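Peer 1: One structure follows; several queries about it will come next.
The values are calculated or read from the model by the stated rules, or taken from the named source; none is laboratory data. Given the structure is predicted, the values throughout are model-derived calculations rather than measurements. In this analysis, Cβ positions are derived from the backbone assuming ideal geometry, glycine residues included, and neighbour counts consider all displayed protein chains. To get the accessible areas, we keep the full protein, side chains included, count just its heavy atoms, and leave off ligands, DNA and RNA. Shrake-Rupley method; radii C 1.70, N 1.55, O 1.52, S 1.80 Å.
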Amino acid sequence: MTHTLSFTDSHCHLDFDNFNTNLPSLLNQCHQAQIHNIVIPSIGPKNWQKVLTLAKTHSNEKLSLHACLGIHPWFLNDLTEHSLSDLTHLVKNNIEDIVAIGEAGIDGVIDKEQNNLALQIQVFEHQIDLAKSFSLPIIVHHRRTHQDITRILREKKTPQGGIIHAFSGSYQQACQYIDLGFKLGIGGTITYPRAEKTIKAVKRLPITSLVLETDAPSMPLYGFQGEDNSPLQLTNVFQALNKIRHESTEDLAHALQENITTILPKLS
């Protein structure tokens, strides 16, 4: 890595308890690794305030933390009848301090366990409408729900687009998201030799469509299975991406930064 490079982790759950004990040290290490921006999506009412507070209190001239507010499809059982209106009011009252709505989406695996697809769609559509109302992008979680998500995004239309978190699909699926105005979050998936379909897709896609992410503490890279992931692994994700792309290291890093500030303009 050269000192001229700069990186953004577009998806990292820094508010999780996994990072409580060494957060200041970790953030200092991120700065030393040229990671200068970290986007923190929330998962539901229980961590909205923590994400907002974390972004406000730990950002400095060396490293900026950026909050997102949303409801993750895994945690719908935590909601009350007031949760959606609470989210709307919180976004309105903190609009200057958030960069996107999310993490929102639809999860087919959870649906099989909880049989709650209709509720997932209702909450996802509410968050799309919220993003549109406040001219914000949206961070989208997907798992075995590509057809549902692309259909809803096409019907609802999202002028500000957003990021498809943890993209792991085919070239054809990627192109559908790109056509809808979304960037693709590229993380540890491309470090796994078995991820041939996604690696081939990422290799072919326009460089303007990609952003980096870790999803820490989840989604550990190949060779680190069973361990907590870290935003420090972002440089290893970048190196893996650099190996499968044709751009120079500097051009790739520059393009990725351009992409994230394009889709999340409050980062610029």
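Peer 1: Distance in nm between label sites at residue 248 and residue 204, each 7 Å beyond Cα in the beta-carbon direction?
Peer 2: Between residue 248 and residue 204, the label points sit 2.8 nm apart.
Peer 1: Say R0 is 30 Å: what FRET efficiency, to the nearest 0.05, do residue 49 and residue 144 get from their beta-carbon distance?
Peer 2: It comes to 0.45.
Peer 1: Moving on to the next point. Hey, any idea what % of the chain's accessible area is carbon plus sulfur with a 1.4 Å probe?
Peer 2: Roughly 49 percent, rounded to a whole number.
Peer 1: Could you list the square roots of 5 times each eigenvalue of the Cα gyration tensor of region 1-102, that is, the equivalent ellipsoid semi-axes, sorted largest first and rounded to whole Å?
Peer 2: Ellipsoid half-lengths, sorted descending, are 27, 14, 11 Å.
Peer 1: Given labels modelled 7 Å from the Cα in the Cβ direction, how far is it in nm from residue 58 to residue 86?
Peer 2: Result for the modelled spin labels: 2.3 nm.
Peer 1: OK, next. Can you give me the C-alpha center-to-center distance between region 1-58 and region 88-123, rounded to a whole angstrom?
Peer 2: Region 1-58 and region 88-123 have Cα centres separated by 21 Å.
Peer 1: Now for a different question. Starting from the Cα gyration tensor of region 158-268, take the square roots of the eigenvalues, sort them a ≥ b ≥ c, and report rounded, prolate or oblate (rounded when a/c is under 1.5, otherwise prolate if a/b is larger than b/c, else oblate).
Peer 2: Judged from the Cα gyration tensor, region 158-268 comes out rounded (a/c under 1.5).
Peer 1: Between residue 25 and residue 155, what is the FRET efficiency for a Förster distance of 35 Å, r being their Cβ-Cβ separation, to the nearest 0.05?
Peer 2: Efficiency, rounded to the nearest 0.05: 0.15.
Peer 1: Where the centre of each part is set by its Cα atoms, how far does region 213-239 sit from region 243-268, in angstrom?
Peer 2: 19 Å
Peer 1: Residue 93 to residue 225: extension gain in nm, 0.36 nm per residue of separation minus the Cα-Cα distance?
Peer 2: Going from the current span to full extension adds 43.5 nm.
Peer 1: Oh, and also: So what's the back-of-envelope 222 nm ellipticity for the chain, counting only DSSP H runs of four-plus at -39500 (n - 2.57) apiece and dividing by all residues, rounded to 500?
Peer 2: Value at 222 nm, helices only, nearest 500: -13000 deg cm²/dmol.
Peer 1: Counting only C-alpha contacts under 8 Å and six or more residues apart, can you give the relative contact order of the chain as a whole percent?
Peer 2: 19 percent
Peer 1: I've got another one for you. Across 5 Å bins from 0, what is the distribution of all Cα-Cα pair distances for region 55-154, in whole percents?
Peer 2: For region 55-154, the pair-distance distribution reads 2, 13, 23, 22, 17, 12, 7, 3, 1, 0.
Peer 1: What is the packing order of peptides 249-260, 164-175, 19-30, taking the mean over residues of other C-beta atoms within 10 Å and listing the highest first?
Peer 2: 164-175, 249-260, 19-30
Peer 1: I need the semi-axes of the equivalent ellipsoid of the chain: take the C-alpha gyration tensor, multiply each eigenvalue by 5, square-root it, list largest first in whole angstrom.
Peer 2: Value: 26, 22, 18 Å, ordered largest first.
Peer 1: Hey, another quick one. In terms of Cα to Cα distance under 23 Å, which lysines are near enough to residue 132, apart from those fewer than 8 places away along the same chain?
Peer 2: Once the sequence-local lysines are set aside, what remains near residue 132 is 92, 156, 157, 183, 266.
Peer 1: Before I look further, what does region 141-268 give for accessible area per residue, probe 1.4 Å, in whole square angstrom?
Peer 2: Per-residue value: 46 Å².
Peer 1: Here's something else I'd like to know. Let me have the relative contact order for region 1-157, percent, based on Cα pairs under 8 Å that are six or more residues apart.
Peer 2: Normalised by residue count, the contact order of region 1-157 is 19 percent.
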